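Inspection log for the structure reproduced underneath, given as structure tokens.
The values are calculated or read from the model by the stated rules, or taken from the named source; none is laboratory data. Just so it is clear, the model here is predicted, and its values are computed rather than measured. Cβ sites come from the backbone with ideal geometry, for glycine too, and all protein chains shown count toward neighbours.
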Amino acid sequence: MAPGGDANLFQLADGISCHAWNKDRSKLAICPNSNEIWIYSGCHAPDPAQWRKEAVLTEHDMLVCGLDWSPVHDQLVSCSHDRSAFVWKYEAAYRQWKPLLVVLRVTRAATNVKWSPDGASGEAADCALGANCCVAAVAAVAAVQARSSRTDLKCRVFSAHINDVDGPPDAGPFEALPPFGEPLAEFDNASAWVNAVAWSPKGDRLAFAGQGSSVHIVHFGAPGEYPTIQVRAAI
């Protein structure tokens with residue numbers, strides 16, 4: 001759909017639990033509310049009847065509820081209630097999607113997964129201990145990319161730098177990076193369950209949405225400065 005254009009309704013399955021587009025939106029990955037992932041190509045065509053289902057990925061054992069397509073290296077990542085994640089790479093020579101299993105070491109269903117902006121790492125969420133976004137490593141987790149949103153009404157930022165993988169640390173807007181898994185910041189402004197969190201591409205802003213119909217944007221300044229928080233919308 002072109003910016004500012006009208007929305008169209010396409011029914012590709014009876015139910016869709018998650019979806020992801022590739023970089024140029026020529027391909028679409030969906031989960032039809034099952035353990036399968038359907039890959040469509042030719043999605044630039046305005047008529048979905050012209051789209052081609054080029055692959056059905058079936059490595060997961062349970063419902064797939066998280067998909068993300070990296071625009072950097074054109075790889076798809078998926079997670080499932082079976083507590084695992086897969087990184088999918090298309091092998092043109094074989095015309096097949098090759099899966100790489102990622103062991104998340106989580107004790108509950110994996111509910112969401114996202115690539116980092118540089119495509120070198122990612123993070124997954126599970127539903128353990130009443131949290132709806134607990135961070136676990138998908139590959140090498142990028143420094144300061146880890147964040148969590150919980151049902152205790154707080155949004156937290158954790159250090160996720162691994163020296164052996166990420167090289168010299170870049171603390172970004174923070175004075176220094178503590179050891180892996182240690183907290184960097186905590187925000188309780190939502191006054192409600194925090195159920196969505198996202199970083200800006202540059203990593204200098206953090207947005208989180210609360211169950212109370214509010215969106216908060218944290219603006220990080222120079223290292224050591226206290227961030228400013230703006231209520232962007234109350235729906």
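Quick grid of which residues meet (1) touching a helix residue (DSSP H, G or I) at 6+ places or on another chain (Cβ under 6 Å); (2) farther than 18 Å from Gly66 by Cα; (3) modelled with pLDDT of 95 or more:
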{"site": "Leu12", "(1), (2), (3)": "no, no, no"}
{"site": "Leu28", "(1), (2), (3)": "no, no, yes"}
{"site": "Asn35", "(1), (2), (3)": "no, no, yes"}
{"site": "Ala45", "(1), (2), (3)": "no, yes, no"}
{"site": "Ala49", "(1), (2), (3)": "no, yes, no"}
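On the basis of being at pLDDT below 90, under 14 Å from the mean Cα position of the chain (by Cα), in a strand (DSSP E or B) and closer than 19 Å to Glu36 by Cβ, does Val113 make the cut? Criteria met by Val113.
For region 88-110, enumerate the residues that are of a type outside the set (Gly, Ala, Ser) and either at positive phi or part of a loop (DSSP other than H, G, I, E, B) (or both). Show your work before the answer.
At the first step, the residues of region 88-110 found to be of a type outside the set (Gly, Ala, Ser) are 88-91, 94-108.
Selection gives Tyr94, Arg95, Leu104, Arg105, Val106, Thr107, Arg108.
Residue check: is Ala185 under 13 Å from Arg156 (Cβ atoms) and surrounded by 11 or more Cβ atoms within 10 Å (Cβ to Cβ)? So that I can check it myself, show each step before the final result.
Values: under 13 Å from Arg156 (Cβ atoms): yes; surrounded by 11 or more Cβ atoms within 10 Å (Cβ to Cβ): yes.
Considered against the rule, which asks whether it is under 13 Å from Arg156 (Cβ atoms) and surrounded by 11 or more Cβ atoms within 10 Å (Cβ to Cβ), Ala185 comes out as yes.
You will find that of His73, His60, the residue that is crowded, with 19+ Cβ neighbours inside 10 Å, part of a loop (DSSP other than H, G, I, E, B) and assigned by TED's automatic domain parsing to the domain that holds Gly122 is His60 and no other.
Just checking, how many residues over region 197-216 are acidic (Asp, Glu) and more than 15 Å from Phe174 (Cα to Cα)?
Qualifying residue count for the region: 0.
Counting only residues that are among the hydrophobic types (A, V, I, L, M, F, W, C) and either part of a loop (DSSP other than H, G, I, E, B) or closer than 18 Å to Gly119 by Cα (or both), region 156-196 holds 11 of them.
Residues are listed down the side, and each one gets a yes or a no for (1) modelled with pLDDT of 80 or more; (2) of a type in the set (Val, Ile, Thr); (3) more than 25 Å from Lys23 (Cα to Cα); (4) surrounded by fewer than 21 Cβ atoms within 10 Å (Cβ to Cβ):
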position	(1), (2), (3), (4)
Phe180	no, no, yes, yes
Ala192	no, no, yes, yes
Pro201	no, no, no, yes
Ser213	yes, no, yes, yes
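Does any residue of region 82-103 turn out to be modelled with pLDDT under 85, more than 25 Å from Phe220 (Cα to Cα) and surrounded by fewer than 19 Cβ atoms within 10 Å (Cβ to Cβ)? For region 82-103, residues modelled with pLDDT under 85, more than 25 Å from Phe220 (Cα to Cα) and surrounded by fewer than 19 Cβ atoms within 10 Å (Cβ to Cβ): present. Restricting Leu28, Leu67 to those that are over 23 Å from Ala120 (Cβ atoms), in contact with a His (Cβ under 8 Å, 6 or more places away or on another chain), in the same structural domain as Glu123 (by TED's automatic domain parsing) and buried (at least 17 other Cβ atoms within 10 Å of the Cβ) reduces the list to Leu28.
Against the definition (free of Cβ contacts under 8 Å to residues at least 60 places away in the same chain, in contact with a Phe, Trp or Tyr (Cβ under 7 Å, 6 or more places away or on another chain) and among the hydroxyl-bearing types (Ser, Thr, Tyr)), how does Tyr90 come out, yes or no?
Values: free of Cβ contacts under 8 Å to residues at least 60 places away in the same chain: yes; in contact with a Phe, Trp or Tyr (Cβ under 7 Å, 6 or more places away or on another chain): yes; among the hydroxyl-bearing types (Ser, Thr, Tyr): yes.
Yes.
A quick yes/no check of all residues on (1) touching a Ser or Thr at 6+ places or on another chain (Cβ under 8 Å); (2) farther than 19 Å from Asn112 by Cα; (3) not in a loop (DSSP other than H, G, I, E, B):
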position	(1), (2), (3)
Gly15	no, no, no
Ala20	no, no, yes
Ser78	no, no, yes
Phe86	yes, no, yes
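Exactly one residue out of Trp69, Trp38, Trp97 is in contact (Cβ under 8 Å) with a residue 24 or more places away in the chain and closer than 14 Å to Val113 by Cα: that is Trp69.
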